[in-house]
Amino acid sequence: MSRRVPRFRAPLALVLGATLTAPLALTAPAAAATGQYTVTALKFTVRAGDRSCTVDADLYRPAGVDRAHPAPAVVATNGFGGSKSDGSTDVIGKSFAERGYVSLVYSGLGFGRSGCPISLDDPTIDGVAASGLVDFLGGRRAADDGTKADYVTLDAPGDPRVGMVGGSYGGAVQLAAAAVDRRLDALVPMITWHDLAYSLDPNNAVGSGGVPGSFKWQWANGFYLIGEGQPLLEPNLDPSRINSMACLHFVTKACDTIRTLNSGRYPAKQTADLLAYARSVSPVSYLSRVKAPTLLVQGQADSLFNLNEATATYRTLKDQGTPTKMIWQSWGHSGGMSDPASGELNLGQGNLETSYVGRRVLAWFDRYLRGHAVDTGPAFAYYRDWITDPDRTYATADRVPALSRTLYLSGDGKLVDNRHEVRRGSRTYTNWLVPTSHSESSLAGLIGLPDPAPYDTPGTHLAWTSEPLARTTDVVGAPRATLRVSSPVAERTQHSGDAADRLVLFAKLYDIAPDGTRTLVHRLVAPVRVPDVRRSFTVTLPGIVHRYEKGHRLRFVIAASDDAYFGNRGIKPVTVVSAPQDTGVLRLPVIG
């Protein structure tokens, strides 16, 4: 099926050399189903952290909205590297103005013509800046040119009826803003993160604590290049965006973090600082303060912010009583530059009424901004790429599916469904000094380059393969594997004081067709830095929605490396021993 890269990712492609279509021009009033609207360019000076920052914004005011006929507001900002004028952000402004909402879209701090360094959606900086715009919508302040918004529905003096919507970098800022400003009434964060420490340096070992993972160097350095290369995107930058010669366009702690990750070393002090900072600018650290009803939308094709991130946010919000629902749509940050599947939301087109996700977003705002007694949909919905009818591609449930099927890793390389079928045996692999497995070239789809098929070099991985499936098997959620490995070299080095000396491995799950064709679903892998090789450990794989057809086989793999990530330091052979009463276990969330 075909998909198009959402426009909040487009600036990444620009920096890396791709050709982009020009953003839509919305400077003139446009005809719309609910009448016309006007667009006014505004500037706001806000205090964020220890700086004063200029925010560049556009205000969309529907015709007929005035003090006597107020309307609720929707706020949106760009993805990383974008601005208020990129292809999804300005269409959000247009789309909601057409539907009678006052829309305020703005360039996030450090992007477009807004000021101050990039601060990674820090609630104390980016969240506070967004709160200053809520002040404007509530009538507490004017724009720098004196413009006031006295036509937004108020719940109380200074408290506007306002929601936020947007993706990626423009998704996390919503949660950051809601953590510092209780006036926000509804959020729709799309394809965004829960914990940047996991996003950029994932360790999928359950209970890994302060042990960092494997650096996602391609994604992280791509975004770092965007940030430091801002003059290529926006000539005549606001001088307040320059931090220092050593860290041009980011706050200093962000540069310190990327440099620690690129060093490949994790001494205790630097590791503690890295984890503390990454989590401080992540929802994981402040979700307890988010009370606004939240509709989470995450992409299945996303190796940057995978489904596990949205699931963690969803469960946290739900457990604390925040009204929350979640949708797993088809597209995310990964994949090629083609159109979204039929029936899928396309932010660049604003097809809200004609897409399942779009209709859910509209219902969310109808309920929480307009107060209409509408059905906001099920607690959980997920896209199924094996359904061809666009009206039936989404399935729904009242919860994320639980782990329901158990398979065992036999010593002869088979994946069996009965512990008594496990054969005693041991097998060994070893890593090389260069990567020997490939899952993806993280930036290939964004710049229009082909990406080789996933592969694993013989001798550098172990695989366990099931018999052909007797019936169709639908996996919806995050598989888990419990493993025990032996690595005397890693055992000697794992307490060196540098976490980089611990063993690294990569777990993944293939679909093997009868003709031998292998599919690594959305090219997703689970990097693991093993906390202690003397003990068994459990790995949570990235969530997937995938149908394994009858006659296909499942193949579970652990590999020594992956070229999209940093791997082991030094050669560390690994042996896996299996016996009926002591073997690895793979658990799957199977539907039906």
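Before moving on, here are some points about what is shown:
- Only residues that are out of contact with any Lys or Arg (no Cβ under 9 Å at 6 or more places or on another chain) and surrounded by fewer than 19 Cβ atoms within 10 Å (Cβ to Cβ) were counted across the range 532-545, and they come to 1.
- Of the set (1) of a type outside the set (A, V, I, L, M); (2) touching a helix residue (DSSP H, G or I) at 6+ places or on another chain (Cβ under 6 Å); (3) not assigned by TED's automatic domain parsing to the domain that holds Ala312, all apply to His372 but (3).
- Number of the exception - Phe80 against (1) in a strand (DSSP E or B); (2) aromatic (Phe, Trp, Tyr); (3) within 21 Å of the chain's Cα centre (by Cα): (1)
- Here the condition is being at pLDDT 95 or above, under 24 Å from Pro157 (Cα atoms) and out of contact with any strand residue (DSSP E or B) (no Cβ under 6 Å at 6 or more places or on another chain); of Ala48, Ala73, Ala68, it holds for Ala68 alone.
- Some residue of the range 372-390 being in a loop (DSSP other than H, G, I, E, B), touching a Pro at 6+ places or on another chain (Cβ under 6 Å), more than 27 Å from Ser442 (Cα to Cα) and touching a residue at least 40 places away in the same chain (Cβ under 8 Å): no
- The single residue among Arg518, Arg529, Arg523 that is of a type in the set (Lys, Arg), surrounded by fewer than 19 Cβ atoms within 10 Å (Cβ to Cβ) and within 29 Å of the chain's Cα centre (by Cα) turns out to be Arg518.
- Within this structure, Phe365 fails the test of being buried (at least 20 other Cβ atoms within 10 Å of the Cβ), in the same structural domain as Tyr101 (by TED's automatic domain parsing) and farther than 24 Å from Val75 by Cα.
- Of the strands (runs of 3 or more DSSP E) contained entirely in the range 505-592, those carrying at least 2 residues that are farther than 25 Å from Ala310 by Cβ fall at 553-559, 574-578.
- Checking each residue in the range 185-210 for being over 13 Å from the mean Cα position of the chain (by Cα) and farther than 30 Å from Thr376 by Cβ picks out Asp201, Asn203, Asn204, Ala205, Val206, Gly207, Ser208, Gly209, Gly210.
- Taking the listed residues Ser288, Ser263, the one that is within 14 Å of Thr322 (Cα to Cα) and not hydrophobic (A, V, I, L, M, F, W, C) is Ser288, with no other qualifying.
For every residue, the table says whether it meets (1) in the same structural domain as Asp50 (by TED's automatic domain parsing); (2) closer than 23 Å to Val91 by Cα; (3) touching a Gly at 6+ places or on another chain (Cβ under 8 Å).
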residue	(1), (2), (3)
Val152	yes, yes, yes
Asp159	yes, no, yes
Met164	yes, yes, no
Gly170	yes, yes, yes
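- Members of the range 230-252 that are touching a Gly at 6+ places or on another chain (Cβ under 9 Å) and part of a loop (DSSP other than H, G, I, E, B): Glu234, Leu237, Asp238, Leu248, His249, Val251
- Val475 being in contact with a His (Cβ under 7 Å, 6 or more places away or on another chain) and either at pLDDT below 95 or among the aliphatic types (A, V, I, L, M) (or both): yes
The values are calculated or read from the model by the stated rules, or taken from the named source; none is laboratory data. Bear in mind that the values here come from a model prediction, so they are computed numbers and not experimental data. In this analysis, Cβ positions are derived from the backbone assuming ideal geometry, glycine residues included, and neighbour counts consider all displayed protein chains.
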